[in-house]
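Each remark here refers to the structure printed beneath this line.
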Amino acid sequence: MRMYDIILKKRNGGRLSDEEIRFFVQGYTKGEIPDYQASALMMAIYFNGMTSGETASLTTAMATSGDMLDLSGISGIKVDKHSTGGVGDKTSLALGPMVAACGVPVAKMSGRGLGHTGGTIDKLESFPGFNTSLTVDKFIENVNRVGIAIMGQTADLAPADKKLYALRDVTATVDNMSLIASSIMSKKLAAGADAIVLDVKTGSGAFMKTEEDARALAAEMVEIGRRAGRNTIAVISDMDQPLGYAVGNALEVKEAIETLKGNGPEDFTRLCLTLGSCMLLAGEKARTREEAEEKLKAVIRDGSALKKLAGFVEAQGGDGRAVYDTSLLPAASFTLPVKASEDGYVQRMACDEIGVCSLILGGGRETKESAVDLSVGIVLQKKAGDRVSRGDTLALIHANDSQKAQEASKRCLSAFVIGKEIPGKRPLIRTVLGA
Ligand code: URA
């Protein structure tokens, strides 16, 4: 088999066989196929697309290019959750303990990631002493003992995707539906869960700006999961403004804790209940969506979800007292209010720009090596649809550096679009596929 022939076939609109896709993925992972040939194939796929069958083959080849995590030592149906990412997306921090408190084992490998804030792993490190570098054996032991463990990715999961994603990033071939779907699902399949719940975001703060694209991506991923024999459900949710009010690592941890106490923002709580009920159904801990939601609300009401978070934090070496006393979490040295300059209603906000404010303050990573300031971020005081008067506080900037705070404040103000009309409401949950 020759890589040249594979490129030529796809360039001419042909359908690649399983063997051809495996040949490419294995050869590229081993360094036997050069970047220039892999780039040419990615571009040919970008323009000519792939069938569902080809996408499934690419996913399997990438998933099996490294370690496949064996979670069979954990009893029960393991359900993983993945979000395509957005601003203020702290879902795993609240959802994990909620679902675990309902009896679904949560065994999650998470990334640090580049972006506006750190990833789940960074956010968890807001708990003093929290250890995210567990061995796989300790990880499995914790899930069996506590019901939940979240660790940084240490196993060599889907190395083919790691290499290909880096290549796509610099060759303008990221935004192809089949390539995104196979990239995400290869990592999920390698991570070993029996069922997968996907939160596919749509809107100005998401990868998929339109609902149509989000649906297509969700459908593609559900199909990949089905072909791989993993029960896969996708929820399409709105990301046209930040989720909840807090954006920034420790600030998001505080909001997740408030949510587990029953005082969370309406949109964030609704998303946790929707994703959580999908996870309970997949984990066979409820028979209907209504029963699942009732169980999730009950573990918030009786405090067991909050207790689960504290137990989880302590089992990983963190200070569980911070769950009950959030003054033990990192805090910025000052806050700066962002004031409205006109009367009206918040029409919308440039969601990505709010994320950039967090980045400016030091809350995210611009390169893999950057350090994250866990204490900084933005807490919105107004969201789309809210009435504002000139001088009202739109957001509070939490900062440690006055120059960065000024820059973030200007950017935050211009992210708010204020107008005279009452804007239409964008529904948070658009649809659920594969349930
Ligand atoms: N996230 C991924 O993991 N892969 C992609 O291709 C895009 C987003």
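Overview of results
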{"read-out": "For R321: the one exception among (1) under 21 Å from A246 (Cβ atoms); (2) open to solvent by 60 Å² or more (accessible area, probe 1.4 Å); (3) touching a Ser or Thr at 6+ places or on another chain (Cβ under 7 Å)", "value": "(3)"}
{"read-out": "Scope the stretch 64-113; condition within 27 Å of A160 (Cβ to Cβ), over 12 Å from the mean Cα position of the chain (by Cα) and assigned to a loop (DSSP other than H, G, I, E, B); matching residues", "value": "T64, S65, G66, M68, L69, D70, L71, S72, G73, I74, K78"}
{"read-out": "Set T91, T135, T202, T117: member being of a type in the set (V, I, T), surrounded by 24 or more Cβ atoms within 10 Å (Cβ to Cβ), more than 12 Å from the ligand (Cβ to nearest atom) and modelled with pLDDT under 95", "value": "T117"}
{"read-out": "Condition check for T431: in a strand (DSSP E or B), in contact (Cβ under 8 Å) with a residue 12 or more places away in the chain and of a type in the set (S, T, Y)", "value": "yes"}
{"read-out": "The stretch 74-86 residues that are farther than 14 Å from G96 by Cβ, paired with ones that are within 16 Å of the ligand (Cβ to nearest atom) (beta carbon under 6 Å, 6 or more apart)", "value": "T84/V200; T84/K201; T84/F207; G86/K201; G86/G205; G86/A206; G86/M239"}
{"read-out": "Test: residue in the stretch 177-193 that is away from the ligand (no atom under 13 Å from the Cβ) and either out of contact with any Cys (no Cβ under 9 Å at 6 or more places or on another chain) or touching a residue at least 60 places away in the same chain (Cβ under 8 Å) (or both)", "value": "yes"}
{"read-out": "Flag for T431 being under 19 Å from the mean Cα position of the chain (by Cα) and either of a type outside the set (S, T, N, Q) or exposed (fewer than 15 other Cβ atoms within 10 Å of the Cβ) (or both)", "value": "no"}
{"read-out": "Only one of E255, E211, E266, E220 that is acidic (D, E) and without any contact (Cβ under 8 Å) to a residue 12 or more places away in the chain", "value": "E266"}
{"read-out": "Condition check for T171: in a loop (DSSP other than H, G, I, E, B), more than 23 Å from T232 (Cβ to Cβ), among the β-branched types (V, I, T) and more than 16 Å from the ligand (Cβ to nearest atom)", "value": "no"}
{"read-out": "Out of A61, A44, sole residue that is over 27 Å from the mean Cα position of the chain (by Cα), at negative phi and among the aliphatic types (A, V, I, L, M)", "value": "A44"}
{"read-out": "Single residue of the stretch 143-168 satisfying the filter (within 13 Å of the ligand (Cβ to nearest atom) and of a type in the set (K, R)) that is least open to solvent (accessible area, probe 1.4 Å)", "value": "R168"}
{"read-out": "Members of the stretch 342-385 found to be at pLDDT 95 or above and loosely packed, with under 15 Cβ neighbours inside 10 Å, listed by number", "value": "E342, D343"}
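The values are calculated or read from the model by the stated rules, or taken from the named source; none is laboratory data. In this text, all values refer to a predicted model and were calculated from it rather than measured experimentally. Positions of Cβ are generated from backbone atoms using ideal geometry, with glycine treated the same way; all protein chains shown enter the neighbour counts. Surface accessibility is based on the protein's heavy atoms, side chains included, excluding ligands, DNA and RNA. Shrake-Rupley method; radii C 1.70, N 1.55, O 1.52, S 1.80 Å.
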